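The values are calculated or read from the model by the stated rules, or taken from the named source; none is laboratory data. Keep in mind that what you see is a predicted model, and the values were worked out from it rather than measured. All Cβ positions, even for glycine, are placed from backbone atoms using ideal geometry, and neighbour counts span all protein chains on display.
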């Protein structure tokens, strides 16, 4: 018998959760690491692939084990398949 | 406190993302990761984890440099280095707290025409800027002011920061405050030499010993506010001055004498309510005196009067008069007029002066010195 859990689906499956606040702040939960970092483009590894955030003056305001907070002017958010 | 101790450092090397991921795997939390123009990355971490980051960076071939305190830790480090500044700040704070125990400003609000009176009261009580708060019983001050100003409904005295604020609520409307150029001034009612001046409100512009002319401003209806600005008030006070009052009388040394020549004539005139009927003509004398005597023959029943006129010729001649008696008479007349003029006044001194006018008239001048308040409100 499978155990029953009240945890949200994305937490159980370790899927990433991306939260955009206005155009200034992006919070990515359950990331697995930083792929590349430039002031105009930040790419973050997740279990579902690479999350690409494009914009201007992007800064990693918080880089924790599971959460990553990006601040700056956000123009575009996209997903790519896992590279390599 | 430990969390507040942050360090900011610069990471240099190719593929800095690999190091960041390695730090993340180690459970090291980073903040404000920022890429610079020179391809370096600036990171902020806690001071306790800096040694681990440094070890990992060295292991992976990265250079970690320019470590410096960040946030509050930076401020604390700065203060720790500058102990003199810290001591100075503490001393400054202590002085500020000490200075707050004193009265540095006195604000009188809504006092209107009583502002001068309140200031006078504070002066009498010895309350002035620079006094310790502990030396002023504020409730006693309020009660005394209420006794002093019975027309004031209530008085509020309180501290506002380093200022003593006294606010009045007037029960009876005060006298209108006029412009300092207008009705607020006290002016001299007459000429006089000032003996003393007492000012209750306003600004005295003359002093004891000054000779003032009628209409001259004695106390100007303005005071300096706490910021030096002119505040219009109704001037109050009195100005006691020496006043001299004179009255005069003239007596001529020549008098006209009428001397009878001895020639006389008589005639009768019948007078009714409708007409007069002279029984004879007037005498042809140049000057005369006349005596008249009325008779009523019909009593109250007949309104007819018989008037008997007796004309006596006279000659007019000028005669000389005794100078001493004329002088005394003139002096008495002048003094009588002086006492009439100063009936209610307390005469300090008085004297008589005589002079001859046109050779045949003696003029007597009585002068009295009195002391009285000559300050009156200017009425425009």
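Things to note:
- Test: residue in the range B:109-119 that is touching a helix residue (DSSP H, G or I) at 6+ places or on another chain (Cβ under 8 Å) and at pLDDT below 85: yes
- Here B:339, B:344 are screened, and the one residue that is free of Cβ contacts under 8 Å to residues at least 12 places away in the same chain, under 54 Å from the mean Cα position of the chain (by Cα) and under 30 Å from residue B:235 (Cα atoms) is B:344.
- Any hit, the range B:304-323, residues being closer than 30 Å to residue B:245 by Cα, under 60 Å from the mean Cα position of the chain (by Cα) and part of a helix (DSSP H, G or I): yes
- Out of B:67, B:51, sole residue that is more than 17 Å from residue A:60 (Cα to Cα) and touching a strand residue (DSSP E or B) at 6+ places or on another chain (Cβ under 7 Å): B:67
- All of (1) more than 18 Å from the chain's Cα centre (by Cα); (2) at pLDDT below 85 hold for residue B:177 with one exception: (1).
- The set of residues from the range B:18-52 being in contact (Cβ under 8 Å) with a residue 40 or more places away in the chain, away from chain A (no Cβ under 12 Å) and outside any strand (DSSP E or B) comprises B:47, B:48, B:50.
- Residue in the range B:194-202 that is under 9 Å from the mean Cα position of the chain (by Cα) and surrounded by fewer than 18 Cβ atoms within 10 Å (Cβ to Cβ) present: yes
- For the range B:181-199, filtering for residues that are over 20 Å from residue B:370 (Cα atoms) and either outside any strand (DSSP E or B) or in contact with a helix residue (DSSP H, G or I) (Cβ under 6 Å, 6 or more places away or on another chain) (or both) leaves 5.
- Reported count of residues in the range A:26-84, each being assigned to a strand (DSSP E or B) and either within 13 Å of chain B (Cβ to nearest Cβ) or crowded, with 18+ Cβ neighbours inside 10 Å (or both), is 32.
- Residue in the range B:153-167 that is farthest from residue B:130 (Cα to Cα), counting only those that are in contact (Cβ under 8 Å) with a residue 60 or more places away in the chain and assigned to a strand (DSSP E or B): B:166
- Helices (runs of 4 or more DSSP H) wholly inside the range B:78-152 containing at least 3 residues that are surrounded by 10 or more Cβ atoms within 10 Å (Cβ to Cβ), touching a strand residue (DSSP E or B) at 6+ places or on another chain (Cβ under 6 Å) and touching a residue at least 12 places away in the same chain (Cβ under 8 Å): B:115-125, B:138-148
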